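One structure is given here, and the rest of the page talks about it.
The values are calculated or read from the model by the stated rules, or taken from the named source; none is laboratory data. In this text the structure is predicted, and so the values were computed from the model without any measurement. Note: ideal-geometry Cβ built from the backbone for every residue, glycine included; neighbour counts use all protein chains shown.
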Amino acid sequence: MLSEFVLAHTALLPVPFVPEISLWQAEEPIALWEATEAAGASQPPPFWAFAWAGGQALARHILDEPDLVSGRSVLDLATGSGLVAVAAARAGAAPVTANDIDPLSLAAAETNARANNVTINPVEADLLDSDHKYGVVLAGDVFYSREMAARVLPFLRRAAGRGSLVLVGDPGRAYLPEGLIKRAVYDVPVNEALESVAIRRTTVWQVTA
């Protein structure tokens, strides 16, 4: 089972910037990367095993301002570990949809939701051409490649145009678009083996139509 792979390669640890949430996280990034590759060439990188800066900032922002999501439907796009989805559920959002194209990511997100006693709805699909409406759309660390940014931004702008509150967390990735509204800035502890630094200055942005 996918959840068994997650549990076999991670440890349940508090999130550095959001210590009230614990996630199953990789303690040895390189070893997990190698194990994932050994599981099959088609496996995506194990982004689900780490608390990335953008997600940590979004989770912190939501927990500090729960009225942003409380009582509203939430989509956590490219959920990864499920950190942001878990934070949204903790802050009173319902239902919370955790979306990713990686089945291991969704296994991790469900495992992390159980560890934090919340409920999320995992959806394995590419939603970027869809037009479902959510009260809030959240996306952490999605502007890491030109191709991803080119697909994600139109989706987020369409969501904002339908009336969704759209928030993204980004630590200055290369393809962050212009024209976003700054909502908060945090200095987020990150995995130095992955980021080459111990702290990333990370911004929560609002996307408008």
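Of everything in the range 19-56 that's charged (D, E, K, R) and not in a helix (DSSP H, G or I), which residue is modelled with the highest pLDDT?
That would be Glu20.
If I filter the range 160-169 for residues that are among the hydrophobic types (A, V, I, L, M, F, W, C), farther than 19 Å from Asp67 by Cα and surrounded by 15 or more Cβ atoms within 10 Å (Cβ to Cβ), do I get at least one hit?
The answer is no, given that none of the residues of the range 160-169 is among the hydrophobic types (A, V, I, L, M, F, W, C), farther than 19 Å from Asp67 by Cα and surrounded by 15 or more Cβ atoms within 10 Å (Cβ to Cβ).
Of the residues Val197, Val188, Val118, Val152, which single one is aliphatic (A, V, I, L, M), free of Cβ contacts under 8 Å to residues at least 12 places away in the same chain and out of contact with any Asp or Glu (no Cβ under 9 Å at 6 or more places or on another chain)?
Val197
In the range 5-27, what residues are free of Cβ contacts under 8 Å to residues at least 40 places away in the same chain, surrounded by fewer than 14 Cβ atoms within 10 Å (Cβ to Cβ) and in contact with a helix residue (DSSP H, G or I) (Cβ under 9 Å, 6 or more places away or on another chain)?
Of everything in the range 5-27, just one residue is free of Cβ contacts under 8 Å to residues at least 40 places away in the same chain, surrounded by fewer than 14 Cβ atoms within 10 Å (Cβ to Cβ) and in contact with a helix residue (DSSP H, G or I) (Cβ under 9 Å, 6 or more places away or on another chain), namely Ala8.
Answer yes or no as to whether Ala209 is touching a residue at least 40 places away in the same chain (Cβ under 8 Å), farther than 19 Å from Ala57 by Cα and outside any strand (DSSP E or B).
The answer is yes for Ala209.
Would you list the strands (runs of 3 or more DSSP E) that sit entirely within the range 60-155 and hold 2 or more residues that are within 15 Å of the chain's Cα centre (by Cα) and more than 26 Å from Pro177 (Cβ to Cβ)?
Fully inside the range 60-155 and qualifying: 121-124.
Of the residues in the range 160-200, how many are outside any strand (DSSP E or B), over 17 Å from Phe143 (Cα atoms) and over 16 Å from the mean Cα position of the chain (by Cα)?
Count: 10.
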